[in-house]
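Beneath this line is the structure, given in structure tokens, with notes to follow.
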Amino acid sequence: MSCIGKNIKKIRTVKNLSQAAFAQLFDLARPSVGAYEEGRSEPKIDTLIQIARHFGVSLDLLITKELTVNDLYGFDIFKRDLHQNQLLIKVADAEEAPVLRAALVMASEQDNYFVRRQEREFLDNLPTLLLPGQQQVLHRAFEHTGSEMQYQQHGLRHGDLLYCTTLPVDASQLKPNEVYVVVTANKLITRRFQGLTDEGALLLKADNPDYDHLLQPLEEVTEFWHVDGFYSTYLKSPSSLEERLTKLESLVKKLMGE
């Protein structure tokens, strides 16, 4: 217990206590405190427990570790006794990270969305997605349904959440091969924009080649949303076929390099 005397002296110094004042706290004789600090004797275990409790110090640390001033100022008892000019001054609150709030339209709410999409009360009661970023344009999230945007284990799967940015109902704002959610009076369409037909209809392509291209009259569109990203819980590992194809591609590249 060679650390005890040094720790008592360190605590007394930090607390600005004389040996006599320290002794009075624990019903000790003043010479006993001096003897502890000089290592000529050691306190009884009951006294050690009283010291640890009074100053909020771990008994284990008091006995086994030579405490530093930083250690001691970590205890609440010392924080409470600091003078005002010793305290760190709070100059400002930390800024909260800006977030984007997007109303989430689940598949079960799509029918209501067609009718009430412009009602603030309805939108406010929808669940919300929060993502970091600056609120500059309107965002919305939609639950994707169907398999037209999935091919060979890739793409958008049924149940994925699509995170979207609003666009004017103007085909000139659409970019070829980008994915959009097109809203009409009674349906949500998620496809890649391919361009306009001679008749002025939207030509929309599915990633799944089993689905035909879709023609959507522009005059029936009520909203355009650009798909910025998506959230998926699909975590299935690659199939053995995909792994073999990957190895074959690597082998072909190696042979071509040789």
Residue exposure sequence - PHE230, PHE114 - by fewest surrounding Cβ within 10 Å: PHE114, PHE230
Pairs from LYS175/LYS247; LYS205/LYS247; LYS175/LYS253; LYS175/LYS205 whose Cα-Cα separation, in the structure shown, is over 24 Å: LYS175/LYS247; LYS205/LYS247; LYS175/LYS253
Selection from ASN112, TYR163, LEU218, by position along the positive dipole direction of region 99-231 (Cβ): TYR163
Exposure proxy ranking, count of Cβ atoms within 10 Å, fewest first, for HIS226, HIS144: HIS226, HIS144
Charge dipole magnitude, Cβ of K and R +1, D and E -1 - region 99-231, Cα centre, debye nearest 20: 360
D_trans [Stokes-Einstein, Kirkwood Rh over alpha-carbon pairs] for region 106-160, 37 °C, 0.692 mPa s, µm² s⁻¹: 246
Computed lengthening from GLU199 to LYS254, 0.36 nm per intervening residue step minus Cα-Cα distance: 14.9 nm
Fewest-first sequence of LEU100, LEU130 by Cβ atoms within 10 Å of each Cβ: LEU130, LEU100
Rough spin-label spacing in nm, given labels placed 7 Å along Cα→Cβ, for GLU38 and THR233: 7.3
Extension gain (nm, one decimal) between LEU131 and GLN50, 0.36 nm per residue minus Cα-Cα: 24.0 nm
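None of the figures in this text is laboratory data; all of them are computed from the coordinates on show. As the structure is a prediction and not an experimental result, all values here were calculated from the model. Cβ: placed from backbone, ideal geometry, glycine included. Neighbour counts: every protein chain shown.
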